[in-house]
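J.: Provided herewith is a single structure, encoded as structure tokens, for subsequent inquiry.
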Amino acid sequence: MLRLGLTGGIASGKSAVAAMLRELGFSVLDADSLAHKLIEPGQPAYEEVLREFGRTITDDQGRVDRAKLAALVFQNRAKLDRLNAIVHPRVAELVLRQFDEWQRNGTRDAAFVEAALLIESGIHKHLDGVVVVWCTPEQQLERLGARGLSEDEARRRIAAQMPVEEKLRLATEKIDCSGTLGQTRQQVEALAAKLHRSKAAR
């Protein structure tokens, strides 16, 4: 079983590509959802995050308010790095455990982990390849605006991630999400066919 990563800049089409891969029968783990769960009350990173950033980032129920946390860390690179240092190693551990489980259960061809910070977290070093999705910076800003972010917030989120050019240099496969969904789907289907062929050849 090939262990593959799926990444790209924020609002570049990762989730759409992940959904297409699932429709085509591939297992895809959402690492960003894992990271969100890890900071829930009672979960491994919760207390450490509160010790680091204080209880002002919690809501009335004592849960981490992700909007408050984001407002804090995306304005301060050192705080963002600290949050990532708390969460990333735990996410990587869960991701690798899931890959092992899929392999034991007989998953064939390939399985994917979708993560915005796949390369920044170092998870890619444990994988067989990385699929990088991309679109234009203008499209990223437009899509983030549609999600309710101001232009300043959107630019901060984009700037906090590794430049897409660097990610593309580490890609084993690239998917251009700047066109229509149909054009993206054609590329995903071509990738799926390639993975099936490489499995048959092994």
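J.: Can you name the residue in region 80-110 that is β-branched (Val, Ile, Thr) and over 15 Å from the mean Cα position of the chain (by Cα) and, of all such residues, is surrounded by the fewest Cβ atoms within 10 Å (Cβ to Cβ)?
T.: So, considering only residues that are β-branched (Val, Ile, Thr) and over 15 Å from the mean Cα position of the chain (by Cα), the one surrounded by the fewest Cβ atoms within 10 Å (Cβ to Cβ) is Thr107.
J.: Then there's this: Quick one: count up the residues across region 52-69 that are assigned to a helix (DSSP H, G or I), of a type outside the set (Val, Ile, Thr) and touching a residue at least 12 places away in the same chain (Cβ under 8 Å).
T.: So the answer is 5.
J.: Now, a different point. With the condition kept exactly as written, say whether any residue in region 182-194 is part of a loop (DSSP other than H, G, I, E, B) and of a type outside the set (D, E, K, R).
T.: no
J.: OK, next. Select, from Ala67, Ala116, the only residue that is over 22 Å from Pro163 (Cβ atoms), within 20 Å of the chain's Cα centre (by Cα) and either of a type in the set (Gly, Ala, Ser) or exposed (fewer than 15 other Cβ atoms within 10 Å of the Cβ) (or both).
T.: Result: Ala67 is the single residue among Ala67, Ala116 that is over 22 Å from Pro163 (Cβ atoms), within 20 Å of the chain's Cα centre (by Cα) and either of a type in the set (Gly, Ala, Ser) or exposed (fewer than 15 other Cβ atoms within 10 Å of the Cβ) (or both).
J.: Collect the residues in region 39-62 that are surrounded by fewer than 19 Cβ atoms within 10 Å (Cβ to Cβ) and of a type in the set (A, V, I, L, M, F, W, C), keeping them in residue-number order.
T.: Answer for region 39-62, where residues must be surrounded by fewer than 19 Cβ atoms within 10 Å (Cβ to Cβ) and of a type in the set (A, V, I, L, M, F, W, C): just Leu50.
J.: Filter region 131-147 for residues that are crowded, with 21+ Cβ neighbours inside 10 Å and not polar (S, T, N, Q); which is farthest from Ala171 (Cα to Cα)?
T.: Among those residues, the one meeting the criterion is Cys135.
Just so you know, all these numbers are worked out from the coordinates, no wet-lab data involved. Please read all numbers here as calculations on a predicted model, not as lab measurements. Backbone-built Cβ (ideal geometry, glycine too); neighbour counts: all protein chains shown.
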